[in-house]
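*Asks:* Below: one structure in structure tokens.
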Amino acid sequence: MRIGFIGLGNMGRHMARHLIDAGHVLTVHDTRPEAAIEHLSLGARWAETPAACASDAEILITMLPNPRIIEDVLLRGGVAGALPEGALWIDMSTSTPAAAERIAAAVLDRHAVRRLDAPVSGMARGAEAGMLQIFVGGTADDFQMALPVFEAMGDPDKVLHVGPLGAGYTVKLMINMLWFSHLVATSEVLAMGVKAGVGLGVLRDSLLASPAASNFLQNDILCVLTEGDYDDSFAMMLACKDLGLAIDLGRDVGVSTELSALVEQIFRRSKAQHGDLAGEMSPVRLYEALAGQEFRLPDPTATPEGTALNAV
């Protein structure tokens, strides 16, 4: 299948590589030509402009940082007008239904271009492994047509058709909104507990054995607790952008977002303190400062001082 792919960032570069590996004919574009070196070495073609990337595509995939850039590429970059009639545009960025509708109303509907929104979860590690979760909004027919493409980039068991156009964007924003809330709530609880004198490991084990257990506490925060890794594969500026989009969606549909607005404030404070490019787990550091210690579990492979490795 002839696929155009625009956006070879931390996630997109891996996704595009998997499409090449799956045998698709790929044309790629990015604002940084050097981002395509690996893909060109694997047989992809380079397009000098976004419009050129779209001009011969049966499917065009965009994986871009925010709705403004998506609109720039589709409208001012000439992509919408360059897409062949009947082509399928799949936006795998994190965006909003309202932004996609603005693009469709401006150009796409007049050019008989089909579209799906298919944002992803799984971070750069999932993209590299080809095991992303993909949440697809659009018609069932378009979803089925694109399913082999999605399965080349994602976990086949986690490629989900979640509803009509816009539903994919919505589900992804809700996932991010809840995950970021988990991060703040968990960090606050750990800071309070350890400062009150409970050991970090004991506190975490107790929480995991209780109704308050969560996947975040079980798995996601382990990179901080065991390695001091705040996950710089997804930057704070993007996390704050996603929280802002989720709150915008709440405003659009008339649902108040008091809790999420507070979470967004905490993330923005962390971004100001730790930098735009700091990892998405950086708000944990705010609570480590309150606790007066880093949140680290003992290395289970470490040998206590004075103990022989072969002791019985």
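The values are calculated or read from the model by the stated rules, or taken from the named source; none is laboratory data. These numbers come from a predicted model, not from an experiment. Cβ: placed from backbone, ideal geometry, glycine included. Neighbour counts: every protein chain shown.
*Asks:* Whether any residue in the stretch 179-189 is farther than 21 Å from H14 by Cα and among the acidic types (D, E) is what I want to check.
*Replies:* yes
*Asks:* From the list D231, D248, which residue is under 21 Å from the mean Cα position of the chain (by Cα) and either assigned to a helix (DSSP H, G or I) or modelled with pLDDT of 95 or more (or both)?
*Replies:* Answer to the check: D248.
*Asks:* Continuing with this model, one more query. Scan the stretch 180-188 and tell me whether some residue there is polar (S, T, N, Q) and in the same structural domain as R115 (by TED's automatic domain parsing).
*Replies:* Looking for residues that are polar (S, T, N, Q) and in the same structural domain as R115 (by TED's automatic domain parsing), one finds none in the stretch 180-188, hence no.
*Asks:* Given the conditions (1) at pLDDT 95 or above; (2) of a type in the set (D, E); (3) under 29 Å from D242 (Cα atoms), which single one is not true for D72?
*Replies:* Status for D72: all satisfied but (1).
*Asks:* Any chance you could count how many residues in the stretch 6-39 are touching a residue at least 12 places away in the same chain (Cβ under 8 Å) and either in a helix (DSSP H, G or I) or outside the structural domain of L64 (by TED's automatic domain parsing) (or both)?
*Replies:* Qualifying residue count for the region: 15.
*Asks:* Let me ask something else. Can you name every residue in the stretch 115-141 that is surrounded by fewer than 19 Cβ atoms within 10 Å (Cβ to Cβ) and farther than 17 Å from A16 by Cβ?
*Replies:* Correct list: S121, Q133, T139, A140, D141.
*Asks:* When the stretch 121-161 is examined, which residues are found to be of a type in the set (A, V, I, L, M) and within 22 Å of G244 (Cβ to Cβ)?
*Replies:* Within the stretch 121-161, M123, A124 meet the criteria.
*Asks:* Could you tell me whether I134 is within 11 Å of the chain's Cα centre (by Cα) and either in the same structural domain as F234 (by TED's automatic domain parsing) or within 20 Å of L8 (Cβ to Cβ) (or both)?
*Replies:* Against the criterion (within 11 Å of the chain's Cα centre (by Cα) and either in the same structural domain as F234 (by TED's automatic domain parsing) or within 20 Å of L8 (Cβ to Cβ) (or both)), I134 qualifies.
*Asks:* OK, next. Would you confirm whether or not the stretch 288-295 contains a residue that is touching a Cys at 6+ places or on another chain (Cβ under 8 Å) and either assigned by TED's automatic domain parsing to the domain that holds E188 or at pLDDT 95 or above (or both)?
*Replies:* Scanning the stretch 288-295, I find no residue that is touching a Cys at 6+ places or on another chain (Cβ under 8 Å) and either assigned by TED's automatic domain parsing to the domain that holds E188 or at pLDDT 95 or above (or both), so the answer is no.
*Asks:* If I ask for residues that are buried (at least 17 other Cβ atoms within 10 Å of the Cβ) and over 20 Å from I266 (Cα atoms), which ones from the stretch 180-202 would you list?
*Replies:* V194, L200
*Asks:* Within the stretch 65-101, which residues are acidic (D, E) and surrounded by fewer than 22 Cβ atoms within 10 Å (Cβ to Cβ)?
*Replies:* Within the stretch 65-101, E71, D72, E85, E101 qualify.
*Asks:* Let me ask something else about it. If a residue counts only when it is within 19 Å of A57 (Cβ to Cβ) and hydrophobic (A, V, I, L, M, F, W, C), which helices (runs of 4 or more DSSP H) contained entirely in the stretch 104-221 have at least 2 such residues?
*Replies:* Fully inside the stretch 104-221 and qualifying: 140-153.
*Asks:* If you check F150 against the conditions, is it more than 18 Å from I266 (Cα to Cα), of a type in the set (F, W, Y) and surrounded by 21 or more Cβ atoms within 10 Å (Cβ to Cβ)?
*Replies:* yes
*Asks:* Going through R285, R268 one at a time, which residue ends up being charged (D, E, K, R), at pLDDT 95 or above, in contact with a Phe, Trp or Tyr (Cβ under 8 Å, 6 or more places away or on another chain) and under 29 Å from P65 (Cβ atoms)?
*Replies:* Sole residue among the options that is charged (D, E, K, R), at pLDDT 95 or above, in contact with a Phe, Trp or Tyr (Cβ under 8 Å, 6 or more places away or on another chain) and under 29 Å from P65 (Cβ atoms): R285.
*Asks:* Give the number of residues within the stretch 181-236 that are of a type in the set (G, A, S) and in contact with a Gly (Cβ under 6 Å, 6 or more places away or on another chain).
*Replies:* Summing the residues that are of a type in the set (G, A, S) and in contact with a Gly (Cβ under 6 Å, 6 or more places away or on another chain) in the stretch 181-236 gives 0.
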